[in-house]
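The values are calculated or read from the model by the stated rules, or taken from the named source; none is laboratory data. Remember, predicted model here, so these are calculated numbers, not experimental data. With ideal geometry, Cβ positions are generated from the backbone for all residues, glycine too; neighbour counts draw on all protein chains shown.
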Amino acid sequence: MTIHSEKIIILDFGSQTTQLIARRIREQKVYSEIHPYTLPLEQLKAMNPTGIVLSGGPASVYDDDAPISDPGLFELGVPVLGICYGAQLMMVQQGGRVERAEHREFGKAELNIDYTAGIFAGMETTPSHYQVWMSHGDRIEELAPGFTVTATSGHSPYAAVRHEERPFVAVQFHPEVAHTLIGNDVLRNFIFGICGCKPEWTMHSFIDATVQEIKDKVGDGQVICALSGGVDSSVVAAMVHRAIGNQLTCIYVNNGLMRTGESKSIIDFFTQKTDLQLIDVDAEEFFLGRLDGISDPEEKRKRIGYGFIEIFEQEAKKLGKVKFLAQGTLYPDVIESVVFRGKAPIKSHHNVGGLPERMAMELIEPLRELFKDEVRELGLELGLPEEAIYRQPFPGPGLGIRIMGEVTGERLQILRQADVIVLEEMKDSGWYRKVWQSFAVLLPIQTVGVMGDGRTYEHVIALRSVDSRDAMTADWSRLPYEILGKISSRIINEVRGVNRVVYDISSKPPSTIEWE
């Protein structure tokens, strides 16, 4: 991991918006990262944080199994911001009292500011009403010693508080969400005013630090890069190539789960427009054999992940002694693959939870700290063309996780034909660059239909299109009916074996973007 001179550590207590806190802080050009609330105090101390944020969460601090972080963090001499549950935990651990609220607050609320310094610096007490977003059923009933109120709301007498002598502040509302109109100001005041950070974390500084880190780690060794043609692996290849030049060999593996014509276009792009050394491996038969009879999504992901590593290791042996594998793991991959409060991860990403422990090569993951839009910014800084940077995300396991149930050659053919139509219509309509991701999913069901004068019993295609900034949260795209209608009509008329098309209007959370 790249060493950052200044960083804000966020301890996660299970809030659905924890990742937004990290995003908002990074937007101020200050590095931040998320860790579970169980992070040992010694590890937290060793990170030398410039500030600590305690996130919100669904639990109550008075529950028997409430998530509790080590109270010793308040003795590190570091500023601490508590948000919602984090605010209540701060109060309880410092000697205050939290109880179930008689009137819960969910949604928009008016904040009355009484103290225009600290996190409310630059704001006014007249008028003092600011729109914020609340989401809590408990409230602070008694302040811990040394704390004083700085803002109230209709049902929260202690909607914001501060310690009079120590750099501890807490808010009952969520400054990270867009509905809190002063949210960025609150976070900015904490980052710069209380923590004393400087806005120095930029993609340019990230490149300088990461290139040096790669050089130091690799030395005169050889590196192979898993190149998929997507944004992430393309940026990884460019970054590693900048660091070590021809010590890098890129390997493109056609796993048989790509879209129509995708493998050829990827190979053509990298051989014609870059200086990368590239090996093309056709492994369609290998992967389809590994997936034969497998329908469980976690098992599919892991078999695909293991399969990639097996092929990379085989290719590495042909090249001689290769010690390192570079891949495009992103921060959302890491977050979603973490076990939280003893629960299973959201899903095993093929390049995180899907990697076998026996893997012989060491990993180089220069993007592990970044969100997707930061990766795009980094790619442009590295000089990659926009056509490589602004492709919609495509999952590493490919169409294998867009086919619900068993993956077969016949089902792949159906999905490929449908997917081509989706992409063509999104590009022709101008919506391809407006949304985060748009694709087709083949469902494991068949339905009755009528074509001509005959009854049919055929497959169902689901359309998925979402708007997002970083894939951690997403909302379904409000595509015009004309586009949806045209896509549906074309799929049913042109793709043999499909007689019904549906549109997914689920947000993340509670759903995920991909169906598996």
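Among the candidates MET451, MET472, MET426, single out the residue that is modelled with pLDDT of 95 or more and among the aliphatic types (A, V, I, L, M). Working first, answer last.
Working: MET451 fails: modelled with pLDDT of 95 or more; MET472 fails: modelled with pLDDT of 95 or more.
That would be MET426, the only listed residue that is modelled with pLDDT of 95 or more and among the aliphatic types (A, V, I, L, M).
For ILE267, the conditions (1) closer than 28 Å to PHE371 by Cβ; (2) modelled with pLDDT under 90; (3) surrounded by 14 or more Cβ atoms within 10 Å (Cβ to Cβ) all hold with the exception of (1). Among the criteria (1) hydroxyl-bearing (Ser, Thr, Tyr); (2) farther than 28 Å from GLY293 by Cβ; (3) in contact (Cβ under 8 Å) with a residue 12 or more places away in the chain; (4) out of contact with any helix residue (DSSP H, G or I) (no Cβ under 9 Å at 6 or more places or on another chain), the one THR447 does not fulfil is (2). The listed residues are GLU213, GLU164, GLU200, and the only one of them that is touching a residue at least 60 places away in the same chain (Cβ under 8 Å), surrounded by fewer than 16 Cβ atoms within 10 Å (Cβ to Cβ), of a type outside the set (S, T, N, Q) and farther than 22 Å from GLY57 by Cα turns out to be GLU200.
Anything in the stretch 463-479 that is more than 11 Å from VAL422 (Cβ to Cβ) and in contact (Cβ under 8 Å) with a residue 24 or more places away in the chain? List them, or say none. Even if it seems obvious, please write down each step before you answer.
Here is the first cut: in the stretch 463-479, the residues more than 11 Å from VAL422 (Cβ to Cβ) are 466-478.
Of everything in the stretch 463-479, those that are more than 11 Å from VAL422 (Cβ to Cβ) and in contact (Cβ under 8 Å) with a residue 24 or more places away in the chain turn out to be VAL466, ASP467, SER468, ARG469, ASP470, ALA471, MET472, THR473, ALA474, ASP475, TRP476, SER477.
Conditions (1) within 21 Å of ILE214 (Cα to Cα); (2) assigned to a helix (DSSP H, G or I); (3) not charged (D, E, K, R), marked per residue:
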position	(1), (2), (3)
SER228	yes, no, yes
MET258	no, no, yes
SER295	no, no, yes
LYS300	no, yes, no
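Within the group GLY485, GLY449, which residue is in a strand (DSSP E or B) and in the same structural domain as TYR432 (by TED's automatic domain parsing)?
Values: GLY485 fails: in a strand (DSSP E or B).
From the options GLY485, GLY449, the qualifying one is GLY449.
Does ASP428 satisfy the condition of being assigned to a helix (DSSP H, G or I) and surrounded by fewer than 15 Cβ atoms within 10 Å (Cβ to Cβ)? Here the answer is yes, as ASP428 does meet what is asked.
In the stretch 309-325, is there at least one residue being assigned to a strand (DSSP E or B), buried (at least 18 other Cβ atoms within 10 Å of the Cβ) and either at pLDDT 85 or above or out of contact with any Leu (no Cβ under 7 Å at 6 or more places or on another chain) (or both)? Checked against the condition, which is being assigned to a strand (DSSP E or B), buried (at least 18 other Cβ atoms within 10 Å of the Cβ) and either at pLDDT 85 or above or out of contact with any Leu (no Cβ under 7 Å at 6 or more places or on another chain) (or both), the stretch 309-325 yields at least one hit.
Looking across LYS318, LYS323, one residue alone is basic (Lys, Arg) and in contact (Cβ under 8 Å) with a residue 12 or more places away in the chain. It is LYS323. Checked across the stretch 360-370, the condition of being surrounded by fewer than 20 Cβ atoms within 10 Å (Cβ to Cβ), touching a His at 6+ places or on another chain (Cβ under 6 Å) and modelled with pLDDT under 85 holds for no residue. If SER32 passes every condition in (1) under 18 Å from PHE206 (Cα atoms); (2) free of Cβ contacts under 8 Å to residues at least 40 places away in the same chain; (3) surrounded by fewer than 21 Cβ atoms within 10 Å (Cβ to Cβ) but one, which one does it miss? Of (1) under 18 Å from PHE206 (Cα atoms); (2) free of Cβ contacts under 8 Å to residues at least 40 places away in the same chain; (3) surrounded by fewer than 21 Cβ atoms within 10 Å (Cβ to Cβ), only one is false for SER32: (3).
Going residue by residue through the stretch 2-14, is there one that turns out to be among the acidic types (Asp, Glu), surrounded by fewer than 17 Cβ atoms within 10 Å (Cβ to Cβ) and either in the same structural domain as ASP70 (by TED's automatic domain parsing) or closer than 17 Å to LEU367 by Cα (or both)? Within the stretch 2-14, none of the residues are among the acidic types (Asp, Glu), surrounded by fewer than 17 Cβ atoms within 10 Å (Cβ to Cβ) and either in the same structural domain as ASP70 (by TED's automatic domain parsing) or closer than 17 Å to LEU367 by Cα (or both). Checked across the stretch 495-508, the condition of being within 16 Å of GLN392 (Cα to Cα), of a type outside the set (Gly, Ala, Ser) and either touching an Asp or Glu at 6+ places or on another chain (Cβ under 9 Å) or buried (at least 18 other Cβ atoms within 10 Å of the Cβ) (or both) holds for no residue. Would the stretch 16-29 turn up any residue that is surrounded by 21 or more Cβ atoms within 10 Å (Cβ to Cβ) and farther than 30 Å from THR210 by Cα? Among the residues of the stretch 16-29, not one is surrounded by 21 or more Cβ atoms within 10 Å (Cβ to Cβ) and farther than 30 Å from THR210 by Cα, which makes the answer no. For VAL281, the conditions (1) assigned to a strand (DSSP E or B); (2) under 27 Å from HIS204 (Cα atoms) all hold with the exception of (2).
For the stretch 78-100, the set of residues classified as closer than 18 Å to PHE190 by Cβ and among the β-branched types (Val, Ile, Thr) consists of VAL78, VAL80, ILE83, listed by residue number. Consider PRO395 carefully, then state whether it is surrounded by fewer than 16 Cβ atoms within 10 Å (Cβ to Cβ) and outside any helix (DSSP H, G or I). Against the criterion (surrounded by fewer than 16 Cβ atoms within 10 Å (Cβ to Cβ) and outside any helix (DSSP H, G or I)), PRO395 does not qualify. What about GLU406, is it surrounded by fewer than 16 Cβ atoms within 10 Å (Cβ to Cβ), in contact (Cβ under 8 Å) with a residue 40 or more places away in the chain and either under 30 Å from ILE294 (Cβ atoms) or not charged (D, E, K, R) (or both)? Spelling it out, GLU406 is indeed surrounded by fewer than 16 Cβ atoms within 10 Å (Cβ to Cβ), in contact (Cβ under 8 Å) with a residue 40 or more places away in the chain and either under 30 Å from ILE294 (Cβ atoms) or not charged (D, E, K, R) (or both). Of the numbered criteria (1) in contact with a strand residue (DSSP E or B) (Cβ under 8 Å, 6 or more places away or on another chain); (2) assigned to a helix (DSSP H, G or I); (3) more than 25 Å from VAL375 (Cβ to Cβ), the one ILE191 fails is (3). Taking the conditions exactly as written (outside any helix (DSSP H, G or I), among the acidic types (Asp, Glu), assigned by TED's automatic domain parsing to the domain that holds ARG290 and closer than 25 Å to PHE206 by Cβ), does ASP220 satisfy them or not? When the stated conditions are applied, ASP220 passes them.
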